[in-house]
Amino acid sequence: MALASVPFQISGHAQAEIDRFRALAEHWASAAQHAIVSYLAIEDAGAKWLHWAIVRYVYETVRPSLLEPSVVELDGIVVGRVPIDLANASFDLDRILRTGQIEIDGEFYTLPQTEGNSLGATFFADSHPQVQPSQARSPALMLSAGRSPNLDQRLLRDFEHRVRSLDAPYDGMADLLNEHLLPIAVMQRTDAAIEILLERPAETVLGDSFIGDGKLSAKIVASPRVDPSLLKVGVKYTSDTQKATRLSVGGATLGWTDQDDGLIAARVEQDVGDAPVCQVFLSYAGHHISRWWVGDPMRLPSQRAAFLAQFDKNLAKLREELLSRDSRGHPFERVLALVLEELGFDCMYLGEVSHLQEAPDIYCETPTRRVAVIECAAAVTNSSEKLSKLHQRVLRIKDSFAVQRLGNVRVNGVLITKHGDAEIVPFIEEAERFGLAIVGLSALTRLADGLRFKIQPDTLYDELSNPVQRSADLFDQIGTSRRDSSVV
């Protein structure tokens, strides 16, 4: 393919796509802290032709190593990564949009041009096709110029080996491209392109946004380079009258503070009446960024319960199976794990995995990463043996966590039986000696009743904080007055 430096033609459709992107990038790109350019180029007759390049506008702090330039050049193939500090250096986005050309350290890298070929453009308004769609936008523009200069496969195989012998070695092309923020898939592409990716200049932090006592409290974080007057937070909620209320709050009215991660943050406080959930919309300079649902954690219905209710109304069958005297062994363990999952624990049921016989029946974790190791005993007569095995497993897990720098994670062992309080009393002293909890039918009954309510897993876990729990007082908050903050 004969290459020449000739002006690109741009079709009306391509120009319209570029203009749509430009209207968004005018504000979003100026809010970024850095631009990182990653590229794979072919050198031919002194010119450097782009096979693929990705320009990322970055609004938050990134790994320091990514802000260091890097280039590997061998046998006419150039792979590089160049960061630009937009607060202290200029970056000519307009040149890229007009000519398909990127200036890097004084040299021009250009999409391959032939006489008469045109510059194609596709604007992905919501998300790049390789990005999982979500409630937040990740807009991108792809500029393409037809067929790429041929990548000689024999040359690439030699290149693969040569990068392993560099002073700073890479384990082949995949390692090299990954280090320079390029996907290995670009090696299979026959067309040449420049991708321009815009990250969001601001976002709603779902993990720190909630409704409580009839008031929305939503945390917004943003790049320090944004203009707060261009930010807008929209809110939509529906009261018990089923009438939707819609309003917005301007970013200039919020109290912004600096965060340790280099971003700025503010909190939106808004009365939402008796609405258990609301939608939070975020936009910048008139361009939508994201929309998320925020709820009252004490009033939200359990998603698992809503799913199970399609097959087991009021979860009556699940409660019956949990308490049935006929449900023992693996069927009981499976139901117990399912109940704990429905209550909000993260569980792994291991009882039926044949090659994991040394593992506990159920591994159970709270949202705050506290761990319960659960063993089930079908007969009270073998409780001593079960307690001894459970004790050894808890010690083994704690030792393993310590080696893996997880020594701060709290781990409790719990032995669960289907026997009454009187039958497990003889084993309480032994359980106490091992630092374990032992519970029976009374606790399971209260646990089954808890399926009717929204229970906080960490509150349940706290009931196991003492070495021994008698079944009568385990989970004693379940099903009690609504005045208890853990129940709704």
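Only the coordinates and a few stated rules stand behind these numbers; no lab work does. In this text, all values refer to a predicted model and were calculated from it rather than measured experimentally. Ideal geometry is used to build each Cβ from the backbone, glycine not excepted, and the neighbour counts take in all protein chains shown.
In segment 236-271, which trypsin sites (Lys or Arg not before Pro) are in a loop and have at most 11 other Cβ atoms within 10 Å, using DSSP for the loop call?
Values: sites: 236, 243, 246, 267; in loops: 243.
Listed in order of number, the matching sites are 243.
Are there any GluC sites (Glu not before Pro) in segment 357-407 that are in a DSSP loop and have at most 13 other Cβ atoms within 10 Å? List them by number. Walk me through the intermediate numbers first.
On the way: sites: 358, 365, 375, 385; in loops: 358.
Passing sites in segment 357-407 are 358.
Work out the FRET efficiency for residue 16 and residue 293 from their Cβ-Cβ distance, taking R0 = 25 Å, and round it to the nearest 0.05. Present the calculation step by step, with values, prior to reporting the outcome.
Values: r = 34 Å, r/R0 = 1.36.
For residue 16 and residue 293, the calculated efficiency is 0.15.
Any chance you could run the full-extension gain for residue 306 through residue 105? It's 0.36 nm times the residue separation minus the Cα-Cα distance, nm to one decimal.
Working: separation 201, 0.36 × 201 = 72.36 nm, distance 5.76 nm.
My answer for the length gained is 66.6 nm.
Pairs of lysines 8 or more apart, or on different chains, with alpha carbons under 17 Å: count those in the chain, would you? List each step's numbers first, then the result.
Details: 215/236; 219/232; 219/236; 313/454; 386/418; 389/398.
Total qualifying Lys-Lys pairs in the chain comes to 6.
For the residue pair residue 396 and residue 358, what label-to-label distance in nm results when each label sits 7 Å from Cα along the Cα-to-beta-carbon direction?
0.5 nm
Please arrange 204, 190, 445 by how many other C-beta atoms lie within 10 Å of their C-beta, fewest to most. Could the numbers behind the result be given before it?
Values: 204 23, 190 10, 445 17.
Ascending Cβ contact count within 10 Å gives the list 190, 445, 204.
How many nm is it between the label spots at residue 261 and residue 205, if each spot is 7 Å from the Cα in line with the beta carbon?
Each label point lies 7 Å from its Cα, and together they span 0.7 nm.
Using 10 Å bins from zero, what percent of all Cα-Cα pairs in segment 303-462 falls into each bin?
With a bin width of 10 Å, the distribution comes to 10, 39, 37, 12, 1.
What is the order of 17, 179, 432, 107, fewest Cβ neighbours within 10 Å to most? Walk me through the numbers on the way to the answer.
On the way: 17 21, 179 17, 432 14, 107 11.
So the ranking, lowest neighbour count to highest, is 107, 432, 179, 17.
Provide the percentage of antiparallel DSSP beta bridges, counting only those with both residues in segment 355-440; round to the nearest 5.
Percent antiparallel among DSSP bridges in segment 355-440 is about 30.
Work out, step by step, the length gained on full extension between residue 30 and residue 316: first 0.36 nm times the residue separation, then minus their alpha carbon distance; give nm to one decimal. The partial results should precede the final answer.
Working: separation 286, 0.36 × 286 = 102.96 nm, distance 5.70 nm.
The residue 30-residue 316 span can extend by a further 97.3 nm.
Considering only DSSP beta bridges with both partners in segment 88-217, what is the antiparallel share in %, to the nearest 5?
Values: 18 of 19 bridges.
Taking every DSSP beta bridge within segment 88-217, about 95 percent pair in antiparallel fashion.
Kirkwood Rh over alpha-carbon pairs of the chain, then Stokes-Einstein at 20 °C and 1.002 mPa s: what D in µm² s⁻¹, rounded to an integer? Please list the in-between numbers first.
On the way: Rh = 27.3 Å.
My calculation gives 78 µm²/s for D.
With a cut-off of at most 12 other beta carbons within 10 Å, and DSSP calling the residue loop, which trypsin sites (Lys or Arg not before Pro) in segment 396-432 qualify? Please list them.
Details: sites: 396, 398, 405, 410, 418; in loops: 405, 410, 418.
When the trypsin sites (Lys or Arg not before Pro) of segment 396-432 are filtered for loop state and at most 12 Cβ neighbours within 10 Å, 405 remain.
What is the gain in length, in nm to one decimal, between residue 75 and residue 368 on full extension, counting 0.36 nm per residue of separation less the C-alpha to C-alpha distance? Display every interim value, and only then the final one.
Working: separation 293, 0.36 × 293 = 105.48 nm, distance 5.24 nm.
Value of the extension gain: 100.2 nm.
Sorting check: for 336-344, 92-100, which peptide has the highest mean count of neighbouring beta carbons within 10 Å, and how do the rest follow?
Working: 336-344: 20.3, 92-100: 17.2.
Result, highest mean first: 336-344, 92-100.
If you take the beta carbon distance between residue 162 and residue 348 as r and set R0 to 45 Å, what does 1/(1 + (r/R0)^6) give as a FRET efficiency, to the nearest 0.05?
Working: r = 45 Å, r/R0 = 1.00.
Efficiency, rounded to the nearest 0.05: 0.50.
Based on the Cβ-Cβ distance from residue 388 to residue 125, what FRET efficiency comes out when R0 is 45 Å, to the nearest 0.05?
Values: r = 62 Å, r/R0 = 1.38.
Calculated transfer efficiency: 0.10.
P(r) of segment 9-198 in 10 Å steps, Cα pairs, percent per bin?
9, 36, 37, 16, 2
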